[in-house]
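The values are calculated or read from the model by the stated rules, or taken from the named source; none is laboratory data. These numbers were taken from a predicted model, which means no experiment stands behind them. Heads up, the Cβs are rebuilt from the backbone with ideal geometry, glycines too, and the neighbour counts pull from every protein chain shown.
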Amino acid sequence: MALLYRFTRAKDRAGTGIFTFIVTRSVTRDFYRDATTKEFTFGYHRWVISFNRSDSKMLGVHLILRNATAGTRCYVDFTFCLLNREHFSKNEIYVEKQCRFNADQPAQGPARWILMSDLHSRKFSDENGEFLMDLTMSNPLTVYEVDVRMSHLPFGPHHKLSNAETAYFAFGGFEWNVGIHPQGIPEDQETSNRPKILLNRLTGFDHAVRVQYRVVLGDADRVFDSGILCQISDVTGKIRGFTLKCGVADLLHRGILRIYVEMMFANAISEVIIPLQNRDPADTTPNCYDREKHAWLAEGDIEGECLKLKLFCSDLHHVPRNHLRYVSWNAYVVRNDTNATNKENNMIVLNAPHWNYYIQEGVDMGIVMETDIPVSVVDDISTTCKEQTKTVSIEIEWLDSLLLFSAIYHKYDDIRRLHCHQMKREIMALQAENYSLERQLFSYQKSISIVNSRGHPPDGVPHEDAVEGQTPFYEPRALPQGESFTDVKYI
(Lines give C-alpha, C1' and ligand atoms only; values in the text may rest on other atoms or scores of the structure.)
Protein backbone atom coordinates (compact mmCIF):
# COMPACT_ATOMS: atom_id res chain seq x y z
CA MET A 1 0.00 0.00 0.00
CA ALA A 2 0.96 3.69 -0.03
CA LEU A 3 0.84 6.03 2.96
CA LEU A 4 0.17 9.76 2.77
CA TYR A 5 3.37 11.07 4.33
CA ARG A 6 3.56 14.85 3.83
CA PHE A 7 1.43 17.61 2.36
CA THR A 8 2.39 21.11 1.21
CA ARG A 9 0.04 23.84 0.07
CA ALA A 10 1.73 26.16 -2.43
CA LYS A 11 0.73 29.80 -2.14
CA ASP A 12 -0.10 30.37 -5.78
CA ARG A 13 -3.11 31.27 -7.87
CA ALA A 14 -3.49 27.70 -9.08
CA GLY A 15 -4.20 26.43 -5.55
CA THR A 16 -1.45 23.82 -5.87
CA GLY A 17 -1.20 20.99 -3.38
CA ILE A 18 1.75 18.57 -3.18
CA PHE A 19 1.08 15.15 -1.64
CA THR A 20 4.03 12.90 -0.78
CA PHE A 21 3.40 9.16 -0.43
CA ILE A 22 5.55 6.37 0.97
CA VAL A 23 5.00 3.42 -1.37
CA THR A 24 5.76 0.23 0.55
CA ARG A 25 7.39 -2.87 -0.87
CA SER A 26 4.06 -4.72 -0.94
CA VAL A 27 3.16 -2.71 -4.05
CA THR A 28 6.04 -4.18 -6.05
CA ARG A 29 6.31 -7.61 -4.44
CA ASP A 30 2.88 -8.74 -3.23
CA PHE A 31 0.71 -8.70 -6.34
CA TYR A 32 -2.34 -10.09 -4.53
CA ARG A 33 -2.73 -7.27 -2.01
CA ASP A 34 -4.80 -4.19 -2.70
CA ALA A 35 -2.49 -1.39 -3.84
CA THR A 36 -4.77 1.60 -3.25
CA THR A 37 -4.16 4.52 -0.91
CA LYS A 38 -6.63 5.80 1.62
CA GLU A 39 -8.90 8.62 0.52
CA PHE A 40 -7.60 12.18 0.61
CA THR A 41 -9.28 15.43 -0.36
CA PHE A 42 -8.30 18.06 -2.89
CA GLY A 43 -10.38 20.52 -4.87
CA TYR A 44 -13.40 19.61 -2.68
CA HIS A 45 -13.41 16.04 -3.96
CA ARG A 46 -12.23 12.70 -2.59
CA TRP A 47 -9.38 10.94 -4.37
CA VAL A 48 -7.27 7.79 -4.16
CA ILE A 49 -4.16 6.55 -5.98
CA SER A 50 -4.18 3.02 -7.35
CA PHE A 51 -1.07 1.11 -8.44
CA ASN A 52 -1.57 -1.18 -11.42
CA ARG A 53 0.57 -4.34 -11.55
CA SER A 54 -0.97 -6.23 -14.45
CA ASP A 55 2.31 -8.02 -15.01
CA SER A 56 5.53 -8.37 -13.07
CA LYS A 57 7.47 -6.01 -15.33
CA MET A 58 5.64 -2.68 -15.50
CA LEU A 59 4.17 -0.43 -12.81
CA GLY A 60 1.17 1.75 -13.60
CA VAL A 61 -0.34 4.52 -11.46
CA HIS A 62 -3.85 5.97 -11.63
CA LEU A 63 -5.50 8.92 -9.92
CA ILE A 64 -9.13 8.04 -9.17
CA LEU A 65 -12.03 10.36 -8.34
CA ARG A 66 -14.14 8.69 -5.66
CA ASN A 67 -17.26 10.86 -5.49
CA ALA A 68 -18.07 11.27 -9.18
CA THR A 69 -21.78 11.86 -9.88
CA ALA A 70 -23.82 11.96 -13.08
CA GLY A 71 -23.51 15.23 -14.96
CA THR A 72 -20.41 16.33 -13.04
CA ARG A 73 -16.99 16.87 -14.61
CA CYS A 74 -13.84 17.67 -12.67
CA TYR A 75 -10.82 19.17 -14.42
CA VAL A 76 -7.43 19.24 -12.72
CA ASP A 77 -3.71 19.43 -13.54
CA PHE A 78 -1.77 16.61 -11.90
CA THR A 79 1.79 15.32 -11.91
CA PHE A 80 3.23 12.04 -10.66
CA CYS A 81 6.90 12.23 -9.67
CA LEU A 82 9.10 9.37 -8.46
CA LEU A 83 11.76 10.88 -6.20
CA ASN A 84 15.30 9.71 -6.92
CA ARG A 85 17.47 9.17 -3.85
CA GLU A 86 20.60 10.60 -5.51
CA HIS A 87 19.66 13.69 -7.54
CA PHE A 88 16.50 15.60 -8.41
CA SER A 89 17.41 15.64 -12.13
CA LYS A 90 16.92 11.85 -12.20
CA ASN A 91 13.30 12.01 -11.03
CA GLU A 92 10.72 10.24 -13.18
CA ILE A 93 7.79 12.56 -14.02
CA TYR A 94 4.38 12.10 -15.64
CA VAL A 95 2.31 15.24 -16.35
CA GLU A 96 -1.35 15.78 -17.31
CA LYS A 97 -2.96 19.18 -17.95
CA GLN A 98 -6.67 19.85 -17.36
CA CYS A 99 -7.44 16.16 -17.25
CA ARG A 100 -11.16 15.37 -17.10
CA PHE A 101 -12.69 13.07 -14.49
CA ASN A 102 -16.35 12.05 -14.51
CA ALA A 103 -18.61 9.15 -13.57
CA ASP A 104 -17.83 7.30 -16.81
CA GLN A 105 -14.07 7.82 -16.57
CA PRO A 106 -13.06 8.34 -12.93
CA ALA A 107 -9.45 7.10 -13.33
CA GLN A 108 -6.58 8.78 -15.20
CA GLY A 109 -2.87 8.06 -15.35
CA PRO A 110 -0.16 5.94 -17.00
CA ALA A 111 -1.08 2.27 -17.17
CA ARG A 112 2.54 1.28 -17.92
CA TRP A 113 4.81 3.89 -16.40
CA ILE A 114 8.12 2.37 -15.32
CA LEU A 115 9.82 -1.00 -15.20
CA MET A 116 9.77 -2.70 -11.82
CA SER A 117 13.48 -3.43 -12.14
CA ASP A 118 14.23 0.28 -12.70
CA LEU A 119 12.92 1.20 -9.27
CA HIS A 120 16.01 -0.32 -7.68
CA SER A 121 18.59 0.05 -10.46
CA ARG A 122 17.84 3.76 -10.94
CA LYS A 123 17.95 4.46 -7.19
CA PHE A 124 14.26 5.12 -6.56
CA SER A 125 13.69 2.43 -3.93
CA ASP A 126 15.81 1.90 -0.83
CA GLU A 127 17.12 -1.30 0.73
CA ASN A 128 13.62 -2.06 2.06
CA GLY A 129 12.03 -1.79 -1.37
CA GLU A 130 10.17 1.41 -0.46
CA PHE A 131 10.16 4.60 -2.52
CA LEU A 132 8.65 8.09 -2.42
CA MET A 133 6.18 9.48 -4.92
CA ASP A 134 4.87 13.03 -5.19
CA LEU A 135 1.42 13.89 -6.49
CA THR A 136 1.04 17.55 -7.44
CA MET A 137 -2.50 18.81 -8.15
CA SER A 138 -3.51 22.30 -9.26
CA ASN A 139 -6.15 24.35 -11.11
CA PRO A 140 -9.17 22.29 -10.01
CA LEU A 141 -12.51 23.08 -11.65
CA THR A 142 -15.83 21.34 -11.05
CA VAL A 143 -18.60 21.66 -13.62
CA TYR A 144 -22.18 20.37 -13.38
CA GLU A 145 -24.24 20.49 -16.56
CA VAL A 146 -27.79 19.24 -17.06
CA ASP A 147 -30.88 19.83 -19.21
CA VAL A 148 -34.16 20.34 -17.35
CA ARG A 149 -37.54 20.06 -19.05
CA MET A 150 -39.80 22.80 -17.73
CA SER A 151 -43.49 22.07 -17.33
CA HIS A 152 -46.48 24.38 -16.97
CA LEU A 153 -48.64 24.83 -13.91
CA PRO A 154 -51.55 22.33 -13.84
CA PHE A 155 -53.95 25.02 -12.63
CA GLY A 156 -54.32 28.67 -13.52
CA PRO A 157 -52.85 30.30 -16.61
CA HIS A 158 -51.11 27.68 -18.73
CA HIS A 159 -48.39 30.06 -19.85
CA LYS A 160 -46.87 30.05 -16.37
CA LEU A 161 -44.04 27.62 -15.69
CA SER A 162 -43.89 25.50 -12.55
CA ASN A 163 -40.91 25.19 -10.22
CA ALA A 164 -38.23 22.64 -11.04
CA GLU A 165 -35.10 21.14 -9.51
CA THR A 166 -32.10 19.32 -10.93
CA ALA A 167 -30.71 16.02 -9.72
CA TYR A 168 -28.13 16.21 -6.95
CA PHE A 169 -24.38 16.45 -7.43
CA ALA A 170 -21.52 16.08 -4.94
CA PHE A 171 -19.06 18.82 -4.06
CA GLY A 172 -17.11 19.67 -0.92
CA GLY A 173 -18.52 16.75 1.04
CA PHE A 174 -22.09 17.98 0.48
CA GLU A 175 -24.87 17.21 -1.96
CA TRP A 176 -26.35 20.08 -3.97
CA ASN A 177 -28.98 20.81 -6.58
CA VAL A 178 -30.26 23.84 -8.46
CA GLY A 179 -33.80 25.08 -7.87
CA ILE A 180 -35.62 27.08 -10.57
CA HIS A 181 -38.50 29.34 -9.47
CA PRO A 182 -40.00 30.99 -12.58
CA GLN A 183 -42.65 32.85 -10.56
CA GLY A 184 -40.29 33.89 -7.78
CA ILE A 185 -40.54 33.04 -4.09
CA PRO A 186 -43.53 34.54 -2.22
CA GLU A 187 -41.60 34.61 1.07
CA ASP A 188 -38.96 36.87 -0.50
CA GLN A 189 -40.53 40.32 -0.17
CA GLU A 190 -37.83 42.15 -2.14
CA THR A 191 -38.04 40.03 -5.29
CA SER A 192 -41.27 38.08 -4.78
CA ASN A 193 -42.42 38.29 -8.41
CA ARG A 194 -39.09 37.93 -10.20
CA PRO A 195 -37.68 34.57 -11.36
CA LYS A 196 -35.14 33.24 -8.91
CA ILE A 197 -32.43 30.58 -8.96
CA LEU A 198 -31.23 28.86 -5.79
CA LEU A 199 -28.28 26.56 -5.13
CA ASN A 200 -29.75 24.21 -2.53
CA ARG A 201 -27.61 22.23 -0.09
CA LEU A 202 -29.20 18.85 0.66
CA THR A 203 -26.84 17.40 3.31
CA GLY A 204 -24.52 18.45 6.13
CA PHE A 205 -26.76 20.65 8.26
CA ASP A 206 -24.35 20.83 11.22
CA HIS A 207 -22.60 23.89 9.80
CA ALA A 208 -23.23 26.88 7.63
CA VAL A 209 -21.22 26.82 4.39
CA ARG A 210 -19.48 29.59 2.48
CA VAL A 211 -19.81 28.68 -1.20
CA GLN A 212 -18.52 30.33 -4.36
CA TYR A 213 -20.18 29.37 -7.61
CA ARG A 214 -21.35 30.49 -11.04
CA VAL A 215 -24.52 29.55 -12.91
CA VAL A 216 -25.19 29.95 -16.63
CA LEU A 217 -28.75 29.38 -17.88
CA GLY A 218 -29.76 28.81 -21.48
CA ASP A 219 -27.82 28.00 -24.59
CA ALA A 220 -26.59 29.61 -27.82
CA ASP A 221 -27.68 33.25 -28.08
CA ARG A 222 -30.20 33.06 -25.21
CA VAL A 223 -28.00 32.95 -22.13
CA PHE A 224 -28.07 34.45 -18.63
CA ASP A 225 -24.79 34.41 -16.68
CA SER A 226 -24.92 35.00 -12.93
CA GLY A 227 -21.22 35.78 -12.70
CA ILE A 228 -19.14 34.51 -9.78
CA LEU A 229 -21.16 34.60 -6.54
CA CYS A 230 -19.88 34.09 -3.00
CA GLN A 231 -22.72 33.45 -0.55
CA ILE A 232 -23.55 31.77 2.74
CA SER A 233 -25.64 28.61 2.84
CA ASP A 234 -27.08 28.57 6.37
CA VAL A 235 -27.47 25.56 8.65
CA THR A 236 -30.81 24.72 7.01
CA GLY A 237 -29.28 24.70 3.54
CA LYS A 238 -30.96 27.94 2.41
CA ILE A 239 -29.08 30.47 0.32
CA ARG A 240 -29.77 33.94 -1.06
CA GLY A 241 -29.43 32.87 -4.68
CA PHE A 242 -29.94 35.37 -7.48
CA THR A 243 -32.78 36.78 -9.56
CA LEU A 244 -33.14 36.83 -13.33
CA LYS A 245 -33.50 39.98 -15.39
CA CYS A 246 -35.60 38.05 -17.88
CA GLY A 247 -38.21 35.33 -17.78
CA VAL A 248 -37.28 31.66 -17.61
CA ALA A 249 -39.36 31.09 -20.75
CA ASP A 250 -37.00 33.38 -22.68
CA LEU A 251 -34.13 30.94 -22.02
CA LEU A 252 -35.90 27.75 -23.07
CA HIS A 253 -35.16 25.79 -26.22
CA ARG A 254 -38.06 23.50 -27.12
CA GLY A 255 -39.16 23.50 -23.50
CA ILE A 256 -35.71 22.55 -22.16
CA LEU A 257 -33.55 24.74 -19.92
CA ARG A 258 -29.82 24.06 -20.02
CA ILE A 259 -28.07 24.66 -16.68
CA TYR A 260 -24.31 25.01 -16.36
CA VAL A 261 -22.80 25.33 -12.86
CA GLU A 262 -19.18 26.00 -11.91
CA MET A 263 -18.26 25.29 -8.28
CA MET A 264 -15.17 27.04 -6.88
CA PHE A 265 -15.27 26.20 -3.17
CA ALA A 266 -17.60 25.16 -0.36
CA ASN A 267 -16.17 25.53 3.15
CA ALA A 268 -17.94 24.71 6.41
CA ILE A 269 -18.19 27.59 8.90
CA SER A 270 -18.31 27.51 12.69
CA GLU A 271 -19.90 30.59 14.25
CA VAL A 272 -18.54 31.42 17.71
CA ILE A 273 -19.34 34.12 20.27
CA ILE A 274 -16.27 34.71 22.42
CA PRO A 275 -16.07 36.84 25.59
CA LEU A 276 -13.59 39.72 25.74
CA GLN A 277 -14.01 40.68 29.41
CA ASN A 278 -14.09 38.74 32.69
CA ARG A 279 -13.24 35.40 31.07
CA ASP A 280 -12.18 32.60 33.40
CA PRO A 281 -8.66 31.50 32.30
CA ALA A 282 -9.31 28.02 33.70
CA ASP A 283 -12.36 27.55 31.47
CA THR A 284 -11.19 25.45 28.51
CA THR A 285 -14.62 24.31 27.36
CA PRO A 286 -14.69 23.94 23.55
CA ASN A 287 -16.94 26.41 21.78
CA CYS A 288 -16.79 25.17 18.16
CA TYR A 289 -16.40 21.98 16.12
CA ASP A 290 -14.98 21.28 12.67
CA ARG A 291 -16.33 18.98 9.96
CA GLU A 292 -14.74 15.90 11.59
CA LYS A 293 -16.52 16.70 14.90
CA HIS A 294 -13.23 17.62 16.58
CA ALA A 295 -13.54 20.24 19.32
CA TRP A 296 -11.81 23.63 19.28
CA LEU A 297 -11.56 26.60 21.63
CA ALA A 298 -11.50 30.17 20.29
CA GLU A 299 -10.47 33.12 22.49
CA GLY A 300 -10.18 36.88 22.09
CA ASP A 301 -7.47 39.26 23.32
CA ILE A 302 -7.85 43.05 23.65
CA GLU A 303 -4.74 43.73 25.73
CA GLY A 304 -2.79 45.21 22.82
CA GLU A 305 -3.54 47.94 20.31
CA CYS A 306 -5.54 45.68 18.00
CA LEU A 307 -7.91 42.78 18.54
CA LYS A 308 -6.29 39.34 18.48
CA LEU A 309 -7.85 35.91 18.23
CA LYS A 310 -6.46 32.60 19.42
CA LEU A 311 -7.49 29.08 18.41
CA PHE A 312 -6.74 25.86 20.34
CA CYS A 313 -7.35 22.24 19.38
CA SER A 314 -9.14 20.49 22.27
CA ASP A 315 -9.14 16.97 20.81
CA LEU A 316 -5.47 16.12 20.41
CA HIS A 317 -6.16 12.68 21.87
CA HIS A 318 -8.27 11.88 18.80
CA VAL A 319 -5.24 12.09 16.51
CA PRO A 320 -3.99 8.51 15.88
CA ARG A 321 -0.64 7.58 17.36
CA ASN A 322 2.37 8.20 15.07
CA HIS A 323 0.28 10.46 12.83
CA LEU A 324 0.09 14.17 12.09
CA ARG A 325 -3.14 16.03 11.55
CA TYR A 326 -2.81 18.99 9.19
CA VAL A 327 -5.57 21.61 9.51
CA SER A 328 -5.94 24.99 7.80
CA TRP A 329 -8.61 27.65 8.24
CA ASN A 330 -9.68 31.24 7.73
CA ALA A 331 -11.07 33.39 10.54
CA TYR A 332 -13.49 36.30 10.17
CA VAL A 333 -14.72 38.92 12.62
CA VAL A 334 -18.46 39.34 12.17
CA ARG A 335 -19.76 42.85 11.70
CA ASN A 336 -22.42 44.00 14.15
CA ASP A 337 -25.07 44.35 11.47
CA THR A 338 -28.55 42.92 11.60
CA ASN A 339 -28.70 42.86 7.80
CA ALA A 340 -27.98 39.24 6.90
CA THR A 341 -26.90 40.16 3.38
CA ASN A 342 -23.71 41.69 4.78
CA LYS A 343 -22.46 38.43 6.27
CA GLU A 344 -20.30 37.86 3.22
CA ASN A 345 -18.48 41.14 3.97
CA ASN A 346 -17.08 40.15 7.35
CA MET A 347 -13.51 41.18 8.21
CA ILE A 348 -10.90 38.49 7.65
CA VAL A 349 -7.91 38.27 9.99
CA LEU A 350 -4.40 39.14 8.83
CA ASN A 351 -2.05 36.60 7.22
CA ALA A 352 -4.88 34.21 6.39
CA PRO A 353 -5.13 31.33 5.87
CA HIS A 354 -3.62 29.85 9.03
CA TRP A 355 -2.58 26.23 9.50
CA ASN A 356 -0.93 23.94 12.01
CA TYR A 357 0.09 20.32 12.64
CA TYR A 358 -1.30 18.39 15.61
CA ILE A 359 -0.05 15.18 17.26
CA GLN A 360 -1.48 13.03 20.01
CA GLU A 361 1.41 13.52 22.44
CA GLY A 362 1.75 17.26 21.82
CA VAL A 363 0.59 20.32 23.73
CA ASP A 364 -1.26 22.93 21.73
CA MET A 365 -0.10 26.43 22.62
CA GLY A 366 -2.67 27.97 20.32
CA ILE A 367 -2.41 29.85 17.03
CA VAL A 368 -2.51 33.64 17.37
CA MET A 369 -4.43 35.45 14.62
CA GLU A 370 -3.91 39.19 14.42
CA THR A 371 -6.41 41.69 13.05
CA ASP A 372 -6.20 45.33 12.01
CA ILE A 373 -9.21 46.23 14.18
CA PRO A 374 -8.17 48.74 16.88
CA VAL A 375 -9.34 47.91 20.38
CA SER A 376 -10.94 51.37 20.54
CA VAL A 377 -13.49 50.39 17.87
CA VAL A 378 -14.22 46.89 19.14
CA ASP A 379 -17.42 48.25 20.70
CA ASP A 380 -18.68 49.01 17.20
CA ILE A 381 -18.46 45.37 16.19
CA SER A 382 -19.18 43.86 19.61
CA THR A 383 -22.30 41.76 19.95
CA THR A 384 -22.97 43.19 23.42
CA CYS A 385 -21.33 46.45 24.35
CA LYS A 386 -21.74 46.18 28.10
CA GLU A 387 -18.33 46.27 29.74
CA GLN A 388 -19.09 43.27 31.97
CA THR A 389 -20.32 40.99 29.16
CA LYS A 390 -18.54 42.34 26.09
CA THR A 391 -18.37 39.66 23.38
CA VAL A 392 -17.51 39.45 19.72
CA SER A 393 -18.73 37.04 17.05
CA ILE A 394 -16.25 35.29 14.78
CA GLU A 395 -16.46 32.72 12.02
CA ILE A 396 -13.96 29.89 11.54
CA GLU A 397 -13.93 28.74 7.92
CA TRP A 398 -12.45 25.23 7.76
CA LEU A 399 -10.27 24.58 4.70
CA ASP A 400 -7.96 21.53 4.53
CA SER A 401 -7.90 18.64 6.96
CA LEU A 402 -5.52 15.74 6.26
CA LEU A 403 -4.13 12.87 8.30
CA LEU A 404 -0.42 12.28 7.62
CA PHE A 405 1.66 9.26 8.53
CA SER A 406 4.74 9.59 10.79
CA ALA A 407 4.75 12.35 13.38
CA ILE A 408 8.56 12.44 13.68
CA TYR A 409 11.39 13.44 11.37
CA HIS A 410 12.25 10.49 9.15
CA LYS A 411 15.06 9.58 6.75
CA TYR A 412 12.61 10.12 3.89
CA ASP A 413 12.49 13.80 4.82
CA ASP A 414 16.20 13.96 3.98
CA ILE A 415 15.43 13.14 0.35
CA ARG A 416 13.31 16.26 0.01
CA ARG A 417 15.93 18.37 1.79
CA LEU A 418 18.68 16.93 -0.42
CA HIS A 419 16.70 17.82 -3.55
CA CYS A 420 16.09 21.30 -2.17
CA HIS A 421 19.80 21.93 -1.60
CA GLN A 422 20.67 20.52 -5.03
CA MET A 423 18.16 22.84 -6.68
CA LYS A 424 19.54 25.81 -4.76
CA ARG A 425 23.06 25.04 -5.99
CA GLU A 426 21.82 24.66 -9.55
CA ILE A 427 20.03 28.00 -9.32
CA MET A 428 23.13 29.70 -7.89
CA ALA A 429 25.28 28.27 -10.70
CA LEU A 430 22.77 29.45 -13.32
CA GLN A 431 22.64 32.90 -11.72
CA ALA A 432 26.44 33.17 -11.82
CA GLU A 433 26.51 32.07 -15.46
CA ASN A 434 23.74 34.51 -16.32
CA TYR A 435 25.62 37.35 -14.59
CA SER A 436 28.78 36.51 -16.55
CA LEU A 437 26.87 36.50 -19.84
CA GLU A 438 25.25 39.82 -18.98
CA ARG A 439 28.69 41.36 -18.33
CA GLN A 440 29.96 40.08 -21.68
CA LEU A 441 26.87 41.41 -23.44
CA PHE A 442 27.31 44.81 -21.78
CA SER A 443 30.97 44.88 -22.86
CA TYR A 444 30.03 44.07 -26.48
CA GLN A 445 27.29 46.69 -26.50
CA LYS A 446 29.70 49.28 -25.13
CA SER A 447 32.29 48.49 -27.84
CA ILE A 448 29.65 48.70 -30.57
CA SER A 449 28.37 52.03 -29.28
CA ILE A 450 31.94 53.47 -29.31
CA VAL A 451 32.42 52.34 -32.90
CA ASN A 452 29.07 53.75 -33.99
CA SER A 453 29.80 57.09 -32.33
CA ARG A 454 32.98 57.48 -34.48
CA GLY A 455 31.09 56.73 -37.67
CA HIS A 456 33.54 54.03 -38.88
CA PRO A 457 35.34 51.03 -37.45
CA PRO A 458 38.73 51.63 -35.85
CA ASP A 459 41.89 51.27 -37.95
CA GLY A 460 43.30 47.83 -38.41
CA VAL A 461 40.02 46.10 -37.42
CA PRO A 462 38.21 44.25 -40.23
CA HIS A 463 34.64 45.31 -40.88
CA GLU A 464 32.08 42.96 -39.28
CA ASP A 465 30.22 42.65 -42.62
CA ALA A 466 33.38 41.87 -44.63
CA VAL A 467 33.43 38.53 -46.35
CA GLU A 468 36.61 36.60 -46.96
CA GLY A 469 37.84 37.07 -50.50
CA GLN A 470 36.00 40.36 -51.08
CA THR A 471 37.38 43.90 -51.04
CA PRO A 472 36.19 45.89 -48.02
CA PHE A 473 34.28 49.14 -48.44
CA TYR A 474 37.12 51.12 -46.87
CA GLU A 475 40.86 51.20 -47.49
CA PRO A 476 43.24 50.52 -44.60
CA ARG A 477 45.19 53.57 -43.59
CA ALA A 478 48.81 53.84 -42.36
CA LEU A 479 50.79 56.63 -40.72
CA PRO A 480 52.98 58.75 -43.01
CA GLN A 481 56.65 57.96 -42.78
CA GLY A 482 58.33 59.68 -39.87
CA GLU A 483 55.08 60.46 -37.96
CA SER A 484 53.83 58.99 -34.72
CA PHE A 485 50.36 58.68 -33.17
CA THR A 486 50.96 61.80 -31.13
CA ASP A 487 51.64 63.83 -34.31
CA VAL A 488 48.41 62.79 -36.04
CA LYS A 489 45.52 65.22 -35.81
CA TYR A 490 41.98 63.85 -35.85
CA ILE A 491 39.19 65.98 -37.31
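So how many residues does the range 104-118 have that are touching a Lys or Arg at 6+ places or on another chain (Cβ under 9 Å) and farther than 16 Å from Val61 by Cβ?
The first filter runs over the range 104-118 and keeps only residues touching a Lys or Arg at 6+ places or on another chain (Cβ under 9 Å), leaving 106, 108, 112, 114-117.
Imposing the further condition that a residue be farther than 16 Å from Val61 by Cβ reduces the set to 117.
Looking only at that region, the number is 1.
Of the residues making up the range 11-25, none is at pLDDT 90 or above, in a loop (DSSP other than H, G, I, E, B), in contact with a Leu (Cβ under 8 Å, 6 or more places away or on another chain) and basic (Lys, Arg).
Does Cys99 satisfy being under 21 Å from the mean Cα position of the chain (by Cα) and crowded, with 18+ Cβ neighbours inside 10 Å? So Cys99 does not fit the description; no.
In the condition set (1) under 26 Å from Ile359 (Cα atoms); (2) out of contact with any Ser or Thr (no Cβ under 7 Å at 6 or more places or on another chain); (3) of a type in the set (Ser, Thr, Tyr), Tyr260 is compliant with all but (1). For the range 1-46, filtered to residues that are touching a strand residue (DSSP E or B) at 6+ places or on another chain (Cβ under 6 Å), among the hydrophobic types (A, V, I, L, M, F, W, C) and without any contact (Cβ under 8 Å) to a residue 60 or more places away in the chain, the residue that is nearest to Thr72 (Cα to Cα) is Ala35. Pairing each residue of the range 392-404 that is at negative phi with any residue that is assigned to a strand (DSSP E or B) and charged (D, E, K, R), provided the two are 6+ apart or on different chains, yields C-beta distances under 7 Å for Ser393/Glu271; Glu395/Glu271; Glu397/Arg210; Asp400/Arg9; Leu403/Arg325; Leu404/Arg6.
Looking at the range 390-411 only, could you name the residues that are within 20 Å of Arg279 (Cβ to Cβ) and among the hydrophobic types (A, V, I, L, M, F, W, C)? Val392, Ile394, Ile396, listed by residue number. Within the range 26-55, restricting attention to residues that are assigned to a strand (DSSP E or B) and aromatic (Phe, Trp, Tyr), the residue that is farthest from Ser401 (Cα to Cα) is Phe51.
Residue by residue, here is whether (1) under 17 Å from Cys81 (Cα atoms); (2) surrounded by 13 or more Cβ atoms within 10 Å (Cβ to Cβ); (3) of a type in the set (S, T, N, Q); (4) modelled with pLDDT under 90 holds:
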site	(1), (2), (3), (4)
Trp113	yes, yes, no, no
Arg122	yes, yes, no, no
Ser138	yes, yes, yes, no
Thr142	no, yes, yes, no
Glu145	no, yes, no, no
Leu153	no, yes, no, yes
Ala164	no, yes, no, no
Trp176	no, yes, no, no
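Which strands (runs of 3 or more DSSP E) sit wholly inside the range 207-312 and have at least 2 residues that are touching an Asp or Glu at 6+ places or on another chain (Cβ under 8 Å)?
Details: elements: 208-219, 222-225, 229-233, 256-275, 295-301.
It comes to 208-219, 229-233, 256-275, 295-301.
Name the residue that is modelled with the highest pLDDT, counting only residues in the range 289-305 that are more than 26 Å from the chain's Cα centre (by Cα) and among the small types (Gly, Ala, Ser).
Step one: of the range 289-305, the residues more than 26 Å from the chain's Cα centre (by Cα) are 297, 299-305.
Remaining after also requiring among the small types (Gly, Ala, Ser): 300, 304.
On the way: Gly300: 91, Gly304: 87.
Once the filter is applied, the top-ranked residue is Gly300.
Scanning the range 185-206 for residues that are touching a residue at least 12 places away in the same chain (Cβ under 8 Å), surrounded by fewer than 17 Cβ atoms within 10 Å (Cβ to Cβ) and either in a strand (DSSP E or B) or of a type outside the set (S, T, N, Q) (or both) gives Leu202, Phe205, Asp206. If I filter the range 307-329 for residues that are of a type outside the set (Phe, Trp, Tyr), in contact with a His (Cβ under 6 Å, 6 or more places away or on another chain) and modelled with pLDDT of 95 or more, do I get at least one hit? No, the range 307-329 has no match at all.
Any residue at all in the range 63-75 that is more than 25 Å from Tyr44 (Cα to Cα), crowded, with 16+ Cβ neighbours inside 10 Å and not acidic (Asp, Glu)?
From the range 63-75, those more than 25 Å from Tyr44 (Cα to Cα) are none; that's our starting set.
Checked against the condition, which is being more than 25 Å from Tyr44 (Cα to Cα), crowded, with 16+ Cβ neighbours inside 10 Å and not acidic (Asp, Glu), the range 63-75 yields no hits at all.
Matching residues to (1) in contact with a strand residue (DSSP E or B) (Cβ under 7 Å, 6 or more places away or on another chain); (2) hydrophobic (A, V, I, L, M, F, W, C); (3) at pLDDT below 95:
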position	(1), (2), (3)
His62	yes, no, no
Asn67	yes, no, yes
Cys74	yes, yes, no
Asp77	yes, no, no
Leu83	yes, yes, no
Glu86	no, no, yes
Ser89	no, no, yes
Tyr94	yes, no, no
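Look at (1) under 28 Å from the mean Cα position of the chain (by Cα); (2) under 25 Å from Ala268 (Cα atoms) and you find that Leu217 fails only one, number (2). When the range 123-139 is filtered for residues that are among the aromatic types (Phe, Trp, Tyr) and either under 16 Å from the mean Cα position of the chain (by Cα) or in a loop (DSSP other than H, G, I, E, B) (or both), only Phe124 remains. Scanning the range 71-119 for residues that are under 25 Å from Met263 (Cβ atoms), assigned to a loop (DSSP other than H, G, I, E, B) and in contact with an Asp or Glu (Cβ under 9 Å, 6 or more places away or on another chain) returns Gly71, Gly109.
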